[in-house]
1. Could you check segment 316-335 and list, in sequence order, the residues that are over 14 Å from Val537 (Cβ atoms) and either at pLDDT below 90 or hydroxyl-bearing (Ser, Thr, Tyr) (or both)?
2. Regarding Ser493, is this residue modelled with pLDDT of 95 or more, of a type outside the set (A, V, I, L, M) and within 30 Å of Asp371 (Cβ to Cβ)?
3. Do the conditions hold for Leu535, that is, is it among the hydrophobic types (A, V, I, L, M, F, W, C) and either within 18 Å of Lys319 (Cβ to Cβ) or without any contact (Cβ under 8 Å) to a residue 40 or more places away in the chain (or both)?
4. Identify, please: which residue in segment 443-462 is of a type outside the set (S, T, N, Q), in contact with a Leu (Cβ under 9 Å, 6 or more places away or on another chain) and outside any helix (DSSP H, G or I) and is, among those, nearest to Ile323 (Cα to Cα)?
5. Could you list all residues from segment 308-325 that are surrounded by fewer than 22 Cβ atoms within 10 Å (Cβ to Cβ), touching a strand residue (DSSP E or B) at 6+ places or on another chain (Cβ under 8 Å) and of a type in the set (A, V, I, L, M)?
6. Any idea which of (1) under 18 Å from Glu348 (Cβ atoms); (2) within 28 Å of the chain's Cα centre (by Cα); (3) basic (Lys, Arg) is the one Lys409 doesn't satisfy?
7. So is Asn401 in contact (Cβ under 8 Å) with a residue 12 or more places away in the chain, of a type outside the set (D, E, K, R) and surrounded by fewer than 19 Cβ atoms within 10 Å (Cβ to Cβ) or not?
8. Report every pair of residues separated by at least 6 positions or lying on different chains whose Cβ atoms are under 9 Å apart, first residue within segment 547-572 and under 21 Å from Glu425 (Cα atoms) and assigned to a loop (DSSP other than H, G, I, E, B), second at pLDDT 95 or above and of a type in the set (Asp, Glu).
Amino acid sequence: MSSSNHLSGAEYLASIYGTEKDKVNCSFYFKIGACRHGDKCSRTHNMPTFSQTVLLKNLYHNPVIDMRQADAFSKVGQLNNEEQQFFDDFFEEIFEELNDKYGRIEEMNVCDNIGEHMIGNVYIKFCREEDAENCVKGLENRWFNGEPIYAELSPVTDFREACCRQYELGVGCTKGAFCNFMHLKPISRELRRKLYGGRARSPDRFPRGDRFRDSDRRDDRRDDRRDSRGGGDYGGERRRRSRSPRDHLQVATLFLQPFSYFQRRTFSSTHNPQSGKLAANMSAQILTDLINNSNVVRIKDPIGVRTKIEGIIQAGFAKLLVITDFDYTLSRHSKDGKPCGTTHGIFEQAYNGTREDFHAELLKLRTMYLDIEYSPTMSIAEKIPYMEQWWQRSHKLIVENKFHENTIKEYTKQSSVLLRDNAPEFLNTVDQHNVPLVLFSAGLGNVIEYVLEQQMGTVPKSLHILSNMMQYDEEGICVSFSDPLIHTFNKNSTVVKKEEPFFHKISDRTCVLLLGDSLGDIHMDVGVEKESVVLRVGYLNFNFDSLLEKYMAEYDIVLLNDQTMDVPLMIFNQMHEHSHSNNQKSGEDRQKEKN
């Protein structure tokens, strides 16, 4: 009879807590403070309310490993002198900052794994739980190297259980850097002596292999006993760390708030991780994590998305072009459980008992063609003739009923066409950074202008509307529509004359942020001459089960029933911060040169 039979139910559950036998709580989260399944894990992640250990998520970014390259896996653990110095500087900076400010650190470890849930994780074990708690609170809204710090208490207090045995023994882990147990990145012997030298117990948890021979390790232990840290003196002259307050940055909550950060030292005066491609890569990784953690987001290829975001951030505002749809993209699909209207739909919503034949015919057309537009079984080529018929017949009805411009403005005001939450902020942000915004709509361009004027107070200067424009006569009566006809599946610049001045203005834009809500919107960038990076963000508003797979195949980021502009706004905020950091650093460098 097993010993478990002598335990009560509560005692048995307590005995298996955090083990593989525990079917409720995640054993990996309990052992390493992270789980590859994240929020989608079928077991519970119980974040501790008290612990000696603080986890700083994805804080370290290795400058020599490009996760987009096929050889990234093979480079993990292969330190050269330059990268070792970079890592030592990073390690010392974090250790000294937190040790001085929050309390004595017993042990600090950095993961060398490259799984998304572990890459760059930094674990700081304090001697006292109170110090760990104060550290988490103190790092709230703090920034490091221009990136937000994500600090939380971790259940990991025994790193022997968290570490990979094969890696520790130096025999080679069969899973390599994708192992779900910790592969701890070693600091240099000199730094280890400096930080831990005078302590009775010095963490010595580095892989036993070619990098550290047994004789070297015995020498280190003798040196550790001789070295003394003493009263905050780390055995050498302390280098000053610069702190720089900043005033404006929006975090994932999208609320403006002040913050501060401590700046990382670099291993070379010519290799600054706060600028250029490395900083863009770090910005992209943090941003991708923010976006991917939302319950409304689906991303098929996270690495590809991160690469595209990196390219956009690196290129900057001067190379960016935004192309967006309006109906159900900039405008809401629903509010409080009720469907919102479209620009064509203002005529249907304005029905008040008059023009009965007109309203009946509009409803008939909508019923006839809407299912075709969103059919998952028909190809776009098969849908196009039906879309042309729908638009032509609808426009003909509007002209025949001789609507006055003031009447249409009033219909717009009374309609349920509503901008998404944070849409005004997004449009104003785009405008402030002088980024051209092409609004490609198969709806009614005039109504779009009326909506913006009524709900924002103005039409942003950077906005260029390409849509079906109603043309009024001298008396303000709608008498015709502009050519060419723009419907759901021909929204791209091939339908517009390229000699227009606006196209000369955007001819050098190489990065595109494309926002849409239908499968026809994915081609809105066709005709952009020099594009090199296109990040497609798709709003999937309904029919999730039947359409999600197709949307994920076409859009880089799919947003499920998201009635906000938070994700596009996040991208712009991160670009702003990257640009601000570079400008600030350039200013500091120029000041140093003058001095």
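The values are calculated or read from the model by the stated rules, or taken from the named source; none is laboratory data. All values derive from a computational prediction rather than experimental measurement. Heads up, the Cβs are rebuilt from the backbone with ideal geometry, glycines too, and the neighbour counts pull from every protein chain shown.
1. Within segment 316-335, Ser331, Ser334 qualify.
2. Details: modelled with pLDDT of 95 or more: no; of a type outside the set (A, V, I, L, M): yes; within 30 Å of Asp371 (Cβ to Cβ): yes.
When the stated conditions are applied, Ser493 does not pass them.
3. Spelling it out, Leu535 is indeed among the hydrophobic types (A, V, I, L, M, F, W, C) and either within 18 Å of Lys319 (Cβ to Cβ) or without any contact (Cβ under 8 Å) to a residue 40 or more places away in the chain (or both).
4. Selected residue: Pro460.
5. Ala315
6. The one condition Lys409 does not meet is (2).
7. Yes.
8. Close Cβ pairs satisfying both conditions: Gln563/Asp421; Met565/Asp421; Met565/Glu425.
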